[in-house]
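Okay, so here's the structure we're looking at.
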Amino acid sequence: MTDAAHSYPVSARNRVKRAHERGRYDHETVHAILDAAMLCHVSYVIDGQPYATPTIHWREGDMLYWHGSSASRMLRHLRAGMPACLTVSHLDGLVLARSGFNHSVNYRAAMCFGTAVLIDDPDEKARALVGVVDRFYPGRTAGLRAITEQETKATTVIGMRIDEASAKIRAKGVGDDDEDLDFPAWAGVIPVRTVIGAAETCPKIPAGLSRPASLDIYAEGTALDTALTVTQRLYEA
């Protein structure tokens, strides 16, 4: 645990209650889990009905951003500002024990709370629409066809400052009871990774146009969370 200046405040809302020893509140741990993922789930309530929407997210400091169609139900209701909860999770291993009760998984998860608001300042929105590309593919926007005014109007960007957050991590082996250790059932951990496959080039690419070296970060066989962590650091630089 780090000092308060480098941790999110702990309240009844974000305090880890079950297996509290797995909880972390420091910026470094929370941000690392967020940065190693491309997909999050944003939860919110509309007219008393809970929703959870999967979407791409990216982080700048303690600001989280996501975007989508201006016709999106979630984005339309978040325009004026709405309490929201953004979560990210990584599955790292399957934990098989000698009893069904002690089966588990190794994982990293982060839960962030704040007020989601519409990004309507033209300069901030323009910067965000660059960020959603360059955060994952460093420097790529400069080599693309410029976004049109109509595309900008059709895209809504939401920002949420992280007011409170917590991380929860399990990264250990089998937790069998001592009296079960001699039971004749296989037990252990099966690691899980999301790994990048071979690139599939668009057949309409002009002859002689090769894949840029900047995409070597996404080389075949690289773990996705590793690649995304690298691109975040480049984006911050």
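The values are calculated or read from the model by the stated rules, or taken from the named source; none is laboratory data. Fair warning: this is a prediction, and the values are worked out from it, not measured in the lab. Virtual Cβ from ideal backbone geometry, glycine too; neighbours counted across all protein chains shown.
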- Message: Considering only residues that are hydrophobic (A, V, I, L, M, F, W, C) and closer than 26 Å to V195 by Cβ, which ones fall in the stretch 13-50?
- Response: V30, A32, I33, L34, A36, A37, M38, L39, C40
- Taking interchain pairs and intrachain pairs at least six residues apart, which have beta carbon atoms under 8 angstrom, with the first residue in the stretch 209-230 and closer than 13 Å to M38 by Cα and touching a residue at least 60 places away in the same chain (Cβ under 8 Å) and the second among the hydrophobic types (A, V, I, L, M, F, W, C) and not in a loop (DSSP other than H, G, I, E, B)? L224/V195; T229/A32
- Query: Do you know which residues across the stretch 49-75 are at pLDDT 90 or above and in a loop (DSSP other than H, G, I, E, B)?
  - Reply: G61, D62
- Message: Which count do you get for residues in the stretch 141-162 that are out of contact with any Asp or Glu (no Cβ under 7 Å at 6 or more places or on another chain), among the hydrophobic types (A, V, I, L, M, F, W, C) and in contact (Cβ under 8 Å) with a residue 40 or more places away in the chain?
- Response: 4
- Message: For a quick check of your reading: which strands (runs of 3 or more DSSP E) sit entirely within the stretch 76-174 and have at least 3 residues that are surrounded by fewer than 16 Cβ atoms within 10 Å (Cβ to Cβ)?
- Response: 82-96
- State whether one or more residues within the stretch 200-209 are surrounded by 11 or more Cβ atoms within 10 Å (Cβ to Cβ), small (G, A, S) and farther than 29 Å from L86 by Cβ. no
- Item | Extreme residue, surrounded by the fewest Cβ atoms within 10 Å (Cβ to Cβ), among residues of the stretch 1-44 that are in a helix (DSSP H, G or I), among the small types (G, A, S) and without any contact (Cβ under 8 Å) to a residue 24 or more places away in the chain | A5
